[in-house]
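Enquirer: Structure below; questions to follow.
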Amino acid sequence: MNRCGLAALALFAAFPNSALAQGEPGLGLGGGASLGAQAPAASPLPPRADGKSPDLAFGAYQRGNFLYALREAERRIDDDPKDAAAMTLIGSIYHDGAAVGRNDLEASRWYRLASNLGDPGAAYELGALWLQGAPDLPKDREGAKEQFERAAAKDYPAALYNLGVMALDSSDGRKPDFAKAADYFKRAALAGDGNGAYSYGVMLREGKGVPRNVAEAGQWLKRASDDGVIAGQVEYAIMLFNGDGIPKDEAGAVRILQIAAVKGNPIAENRIAHLYVAGRVLDRDLAKAAAWNTFAKAAGLQDRDLDVATANLTPEERQRFTKMVRTLSGF
């Protein structure tokens, strides 16, 4: 149950200059059900290739049959009081409020039991709960860090990533440890975490915690982009467009920016709008430029140059602009 649940700890906060560089306008591209009812049986799972019995509890959880998953996990613990995977699953059911009312205190109890039995996923989830806190669960930063370290000792990607973010935390008078953060991000990336690849790539490009290496930064940002990390797509596309440390490919960069723009990234939306105005790579189209500028502005990215360039649309352009905004907005 690897759910990278600490989106609030975005790396943008750690690298304000890098994040803001993306936002600079211009074409340069520089920057609770009752448990009394009988749980319905889950449909059979296909046999495993290794001959082992399928995990009925987790299979039911994945398919949304949460009550059956809870009952099956409880049955497994009755048979084996040290079944850490079943405990972690029960913790997630309580944390999600699936089949039972959400209860983070109860979730933390199950996660702690599983963590003490060596389950890295439980350690990560408990750390995330303690770091964020809940109405019935006070925050515990040091306890969270200890749990992340337990999971990181077993190369759990999300725990490694969040330890990197914590190493950059400058709140309460703390001094960011860039070298430690870079090491955690690299380990997370090597373990397959796209956010780790993005963060390590940014640190390499900025020379934070590691010697500056733009070419290697491009490789890690490409990994993040390929993994679907939107911030990584934008950063890599900008490098690709400008040929910054990697071979220049404007067309390839624009394809990636278009993907990020469709996902709602305002920086990508802004850059695509500029390209439509300039007729660079994309055919000049002021209606499309105005539409993408509208989306970027709605997300807080203002650009006077685009406003001026798209201020006097023809009736036909205005009609296409309106249709595009409605289509992409879903109304």
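Enquirer: Looking at the range 129-137, is at least one residue surrounded by 24 or more Cβ atoms within 10 Å (Cβ to Cβ), among the aliphatic types (A, V, I, L, M), out of contact with any Cys (no Cβ under 9 Å at 6 or more places or on another chain) and under 24 Å from Gly228 (Cβ atoms)?
Expert: There is no residue in the range 129-137 that is surrounded by 24 or more Cβ atoms within 10 Å (Cβ to Cβ), among the aliphatic types (A, V, I, L, M), out of contact with any Cys (no Cβ under 9 Å at 6 or more places or on another chain) and under 24 Å from Gly228 (Cβ atoms).
Enquirer: Do we have any residue at all in the range 214-221 that's crowded, with 16+ Cβ neighbours inside 10 Å, charged (D, E, K, R) and more than 18 Å from the chain's Cα centre (by Cα)?
Expert: yes
Enquirer: Is there a residue in the range 247-260 that is more than 19 Å from the chain's Cα centre (by Cα), closer than 20 Å to Thr310 by Cβ and among the hydrophobic types (A, V, I, L, M, F, W, C)?
Expert: Yes - at least one qualifying residue is present in the range 247-260.
Conditions (1) farther than 13 Å from Leu70 by Cα; (2) in a loop (DSSP other than H, G, I, E, B); (3) modelled with pLDDT under 95, marked per residue:
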| position | (1), (2), (3) |
| --- | --- |
| Ile90 | no, no, no |
| Ile93 | no, no, no |
| Ala98 | no, yes, yes |
| Ala107 | no, no, no |
| Trp110 | no, no, no |
| Ser115 | yes, no, no |
| Ala123 | yes, no, no |
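Enquirer: Is it true that some residue in the range 284-296 is of a type in the set (A, V, I, L, M), in contact with a helix residue (DSSP H, G or I) (Cβ under 9 Å, 6 or more places away or on another chain), in a loop (DSSP other than H, G, I, E, B) and surrounded by 18 or more Cβ atoms within 10 Å (Cβ to Cβ)? Write out each step before concluding.
Expert: Of all residues in the range 284-296, those of a type in the set (A, V, I, L, M) come to 286-287, 289-291, 296.
This time we only want the ones that are in contact with a helix residue (DSSP H, G or I) (Cβ under 9 Å, 6 or more places away or on another chain), so: 286-287, 289-291, 296.
Still in the list and also in a loop (DSSP other than H, G, I, E, B): none.
No, the conditions are met nowhere in the range 284-296.
Enquirer: Can I ask one more? For the range 255-273, how many residues are closer than 26 Å to Gly201 by Cα and either crowded, with 22+ Cβ neighbours inside 10 Å or touching a Gly at 6+ places or on another chain (Cβ under 8 Å) (or both)?
Expert: Looking only at that region, the number is 12.
Enquirer: Would it be correct to say that Leu306 is in a loop (DSSP other than H, G, I, E, B), under 31 Å from the mean Cα position of the chain (by Cα) and surrounded by 12 or more Cβ atoms within 10 Å (Cβ to Cβ)?
Expert: Working: in a loop (DSSP other than H, G, I, E, B): no; under 31 Å from the mean Cα position of the chain (by Cα): yes; surrounded by 12 or more Cβ atoms within 10 Å (Cβ to Cβ): yes.
No, not satisfied.
Enquirer: So is Asp55 modelled with pLDDT of 95 or more, acidic (Asp, Glu) and surrounded by fewer than 20 Cβ atoms within 10 Å (Cβ to Cβ) or not?
Expert: So Asp55 does not fit the description; no.
Enquirer: Consider Asp172 against the criteria (1) at pLDDT 95 or above; (2) at positive phi; (3) not in a loop (DSSP other than H, G, I, E, B): it satisfies all of them except one. Which criterion is unmet?
Expert: It is condition (1) that Asp172 fails.
Enquirer: Quick one: which helices (runs of 4 or more DSSP H) sit completely within the range 178-276 and have at least 1 residues that are among the hydrophobic types (A, V, I, L, M, F, W, C) and more than 30 Å from Met324 (Cα to Cα)?
Expert: In the range 178-276, the matching helices (runs of 4 or more DSSP H) lie at 178-190, 194-206, 214-226.
Enquirer: Among the residues of the range 62-94, count how many are within 23 Å of Trp130 (Cβ to Cβ) and in contact with a Phe, Trp or Tyr (Cβ under 8 Å, 6 or more places away or on another chain).
Expert: Counting residues in the range 62-94 that are within 23 Å of Trp130 (Cβ to Cβ) and in contact with a Phe, Trp or Tyr (Cβ under 8 Å, 6 or more places away or on another chain) gives 9.
Matching residues to (1) farther than 16 Å from Gly232 by Cα; (2) surrounded by fewer than 21 Cβ atoms within 10 Å (Cβ to Cβ); (3) aliphatic (A, V, I, L, M):
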| position | (1), (2), (3) |
| --- | --- |
| Lys145 | yes, yes, no |
| Glu149 | yes, yes, no |
| Ala153 | yes, yes, yes |
| Pro157 | yes, no, no |
| Leu160 | yes, no, yes |
| Tyr184 | yes, no, no |
| Ala189 | no, no, yes |
| Gly196 | no, no, no |
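Enquirer: I'd like to verify a number: residues in the range 309-331 that are surrounded by 12 or more Cβ atoms within 10 Å (Cβ to Cβ) and not basic (Lys, Arg), how many?
Expert: Selection size over the range 309-331: 10.
Enquirer: Only residues in the range 58-70 that are more than 18 Å from Asp83 (Cα to Cα) and hydrophobic (A, V, I, L, M, F, W, C) count as the first member; pair them with residues that are buried (at least 22 other Cβ atoms within 10 Å of the Cβ) and at pLDDT 95 or above, Cβ under 6 angstrom, at least 6 apart or cross-chain, and list the lot.
Expert: Phe66/Ile93
The values are calculated or read from the model by the stated rules, or taken from the named source; none is laboratory data. Predicted model, so just to flag it, every value in this text is computed and none were measured. Cβ sites come from the backbone with ideal geometry, for glycine too, and all protein chains shown count toward neighbours.
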